[in-house]
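Accompanying notes for the structure given below.
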Amino acid sequence: MKIYRVAAVGQRRFAHWISRTVAAVTAIGLTLLLATGARAQNAGPEPTVVLVHGGFTDASGWDAVIDQLQDDGFAVIAPANPLRGVMADSAYVASVLDTLSGPLILVGASEGGIVISNAPGMMQNPQNVQALVFVAAFIPDVGERGQDLTPSGSLIGPTTLQVRPCPVASCPAGVELYIDPAHFREVMTGDLSQDEANVLAAAQRPVSPNLATEPSEFAAWHTVPSFAIVATEDNAIGVANERVMAQRAHAKTVEVRASHFVMISRPGAVARLIESAAAQR
């Protein structure tokens, strides 16, 4: 009988401990659930990430970044940047943005940085833009031209460009510019293989000279929180130029050892910065 009473007492104590543990775990879980719900309510709807490519490429350059963002639950759109001129490109992207509802994170690579600086000023609802992310990009102020932002350090010039006639209405300058395939890897993709560079060179989209000579009319980074990736092996814009522009824009900046096409060679780093911008809006 004594042995039975001891066993019974032990069983009751064990049952009591289990009961308290379950209650504690349940309370913790409920607290976490409520906290998560509160954060979600405070954050509002999830933003749509809009990826704007730059010159000498197309939206497919964002493929690996899109894959990661979508895996992490983000809505993403990567419109085709016309590459016809600063204000024409910005107006087109602004028209795309006006079809989207809710908060927006605008991401621009290279000349796409000029576009995301100008497009909010042309939108019907510019307040939807919650953050700007510049990826090895130009970050112009009002009145500045692309060519003003690369005083030195850029390998894009007469020896690396090909000029081809373009006698149609969509080419207001009458010509288009390509990177000479013989120099494409050196200028754009130094951290990719030669085979990868050859494919990108063959599929490159040309740009209008207007992208370098037409001044910006808006600079959204003055009022919108900004983030930037400086690619430390960028021979297209130049590392020092990227640093100066990011610092002037008071952008939260990370440096990545990568070429100008950092979104292709280091998509994980690009996606992480975009997600950081979305979290801090």
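The values are calculated or read from the model by the stated rules, or taken from the named source; none is laboratory data. Values in this document were obtained by computation on a predicted structure and should not be read as measured data. Heads up, the Cβs are rebuilt from the backbone with ideal geometry, glycines too, and the neighbour counts pull from every protein chain shown.
Among all residues of segment 240-251, there is at least one that is surrounded by fewer than 19 Cβ atoms within 10 Å (Cβ to Cβ) and in contact with a Gly (Cβ under 8 Å, 6 or more places away or on another chain). On inspection, Val254 passes the criterion of being part of a strand (DSSP E or B) and without any contact (Cβ under 8 Å) to a residue 40 or more places away in the chain. For segment 89-104, the criterion of being in contact (Cβ under 8 Å) with a residue 24 or more places away in the chain and under 20 Å from Ile229 (Cα atoms) is met by at least one residue.
Counting the residues of segment 233-251 that are closer than 19 Å to Leu132 by Cβ and touching a residue at least 40 places away in the same chain (Cβ under 8 Å) gives 9. Residues in segment 70-107 that are small (Gly, Ala, Ser) and assigned to a loop (DSSP other than H, G, I, E, B): Gly73, Ala78, Ala80, Gly85, Ser101, Gly102.
Residue by residue, here is whether (1) hydrophobic (A, V, I, L, M, F, W, C); (2) farther than 21 Å from Asn128 by Cβ; (3) more than 12 Å from the chain's Cα centre (by Cα) holds:
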position	(1), (2), (3)
Thr48	no, no, no
Ser60	no, yes, yes
Val76	yes, no, no
Ala88	yes, yes, yes
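Scanning segment 202-239 for residues that are crowded, with 19+ Cβ neighbours inside 10 Å and either outside the structural domain of Ala109 (by TED's automatic domain parsing) or of a type in the set (Gly, Ala, Ser) (or both) turns up Ser208, Ala212, Ser216, Ala219, Ala220, Ser226, Ala228, Ala231, Ala236, Gly238.
Can you name the residue in segment 133-180 that is hydroxyl-bearing (Ser, Thr, Tyr) and more than 22 Å from the chain's Cα centre (by Cα) and is also nearest to Ala240 (Cα to Cα) among such residues? Before you say what the answer is, go through the steps one by one.
We begin by selecting, within segment 133-180, every residue hydroxyl-bearing (Ser, Thr, Tyr); these are 150, 152, 154, 159-160, 170, 178.
Filter once more, keeping what is more than 22 Å from the chain's Cα centre (by Cα): 152, 159-160, 170, 178.
Details: Ser152: 9, Thr159: 21, Thr160: 20, Ser170: 34, Tyr178: 24 Å.
So the residue we want is Ser152.
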